[in-house]
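*Asks:* Mind having a look at this structure? Questions to follow.
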Amino acid sequence: MNDVSKRSKIDTDLERLLEELMKINFFKENELCVIGCSTSEVIGERIGTMGSMDVAELIYTKLDEIQSKTGVHFVFQGCEHINRALTMESAMLEPHHTVVDVLPVKSAGGSMSQYAYQHIQQPVVIEHVTAQCGIDIGQTMIGMHIQHVAVPVRTNQKVVGNAIVTICTSRPKKIGGNRAQYHS
C-alpha cells in the first residue's frame with residue numbers, strides 16, 4: 001500500500017469512527033475527552049517507533065472540527081516517557097490540575113501530543129485529569145485519566161489505519177445495597 005492509499009484509509013477509518021460517535025451523541029459540550037494516539041500503530045508499526053506528524057495532523061484536524069461542532073474539550077495524552085501527561089488548552093485548567101514542566105516532543109510524548117501542543121492556542125501540560133470519556137487509538141492506556149466508572153463504548157469501526165481503537169465513557173458510581181434504587 002502506498003502513502004496516498006495509507007492516508008486515504010486512515011482518513012476514511014477516522015471519519016467513519018467519528019461519524020459513528022456523533023450519531024450516538026458521544027461528544028458532550030464542556031466535557032473532557034482524553035485522546036490517546038500512537039501514530040506509529042496507526043501506520044502499522046510498533047508503538048513508539050515511527051511517530052508520524054502527518055498522521056497527527058490528520059487526526060488533530062478532524063478532532064478540531066468535532067470540538068467546534070460539539071463543544072467537547074479534547075486533552076491529548078502523551079506517552080509513558082512523560083508519564084502520560086496531558087496537553088490541553090490553558091483556559092480549561094481547574095484548581096486541582098497540576099501543571100508540569102515538559103515540552104511534548106515526538107521522542108518523549110509522541111507525535112500526537114507534540115502536534116496538539118504546537119496547535120492549541122495556549123497549551124499547558126498537566127499531570128492528570130479525570131475525563132468523562134476517551135478515545136484510545138493504538139492501545140496507549142488512557143484508563144488512568146477516565147472518571148470512575150469507565151464504561152466501554154462499542155463501535156463498528158474498530159481500527160484507525162492499523163491501530164486498534166478502544167472507546168469509553170463513564171458513569172457515576174452506584175452506591176448502596178439491595179434496597180438502593182438507581183437512575184439507570
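*Asks:* Does at least one position in segment 92-113 carry a residue that is part of a strand (DSSP E or B), within 17 Å of ILE47 (Cα to Cα) and touching a strand residue (DSSP E or B) at 6+ places or on another chain (Cβ under 7 Å)?
*Replies:* Scanning segment 92-113 turns up no residue that is part of a strand (DSSP E or B), within 17 Å of ILE47 (Cα to Cα) and touching a strand residue (DSSP E or B) at 6+ places or on another chain (Cβ under 7 Å).
*Asks:* Also, I was wondering about something else. What strands (runs of 3 or more DSSP E) completely inside segment 116-184 contain at least 3 residues that are within 18 Å of GLN77 (Cα to Cα) and either in contact (Cβ under 8 Å) with a residue 12 or more places away in the chain or of a type outside the set (A, V, I, L, M) (or both)?
*Replies:* Because the criterion is at least 3 residues that are within 18 Å of GLN77 (Cα to Cα) and either in contact (Cβ under 8 Å) with a residue 12 or more places away in the chain or of a type outside the set (A, V, I, L, M) (or both), the strands (runs of 3 or more DSSP E) in segment 116-184 that meet it are 123-126, 133-137, 163-170.
*Asks:* Just the residues that are closer than 24 Å to MET92 by Cβ and not in a loop (DSSP other than H, G, I, E, B), please, taken from segment 3-35.
*Replies:* Residues satisfying the conditions are LEU14, LEU17, LEU18, LEU21, MET22, LEU32, CYS33, VAL34, ILE35.
*Asks:* Pull up segment 1-20, narrow it to residues that are charged (D, E, K, R) and within 17 Å of ASP64 (Cβ to Cβ), then point me to the one that is surrounded by the most Cβ atoms within 10 Å (Cβ to Cβ).
*Replies:* Here is the first cut: in segment 1-20, the residues charged (D, E, K, R) are 3, 6-7, 9, 11, 13, 15-16, 19-20.
Adding the requirement that they be within 17 Å of ASP64 (Cβ to Cβ) leaves 11, 15, 19.
Numbers: ASP11: 17, GLU15: 13, GLU19: 10.
It comes out as ASP11.
Yes/no per residue for (1) without any contact (Cβ under 8 Å) to a residue 40 or more places away in the chain; (2) surrounded by 21 or more Cβ atoms within 10 Å (Cβ to Cβ); (3) within 15 Å of ILE164 (Cα to Cα):
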position	(1), (2), (3)
MET22	no, no, no
ARG46	yes, no, yes
GLY51	no, yes, no
ILE66	no, no, no
PHE74	no, yes, no
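*Asks:* Anything in segment 76-120 that is under 15 Å from ILE59 (Cα atoms) and surrounded by fewer than 24 Cβ atoms within 10 Å (Cβ to Cβ)? List them, or say none.
*Replies:* Within segment 76-120, GLN114, TYR117, GLN118, HIS119, ILE120 meet the criteria.
*Asks:* Can you find, within segment 158-184, the residue that is nearest to ARG46 (Cα to Cα) among those that are within 16 Å of the chain's Cα centre (by Cα) and polar (S, T, N, Q)?
*Replies:* Filtering segment 158-184 for residues that are within 16 Å of the chain's Cα centre (by Cα) and polar (S, T, N, Q), the one nearest to ARG46 (Cα to Cα) comes out as THR166.
*Asks:* Could you tell me how many of the residues in segment 121-150 are surrounded by 19 or more Cβ atoms within 10 Å (Cβ to Cβ) and over 16 Å from GLU31 (Cβ atoms)?
*Replies:* The number of residues fulfilling the criteria is 6.
Each reported figure results from applying straightforward, stated rules to the coordinates on display, with no laboratory input. Quick caveat, the model's predicted, so the values are computed rather than measured. A quick note on method: Cβ atoms are made from the backbone with ideal geometry, for glycine too, and the neighbour counts reach across all protein chains shown.
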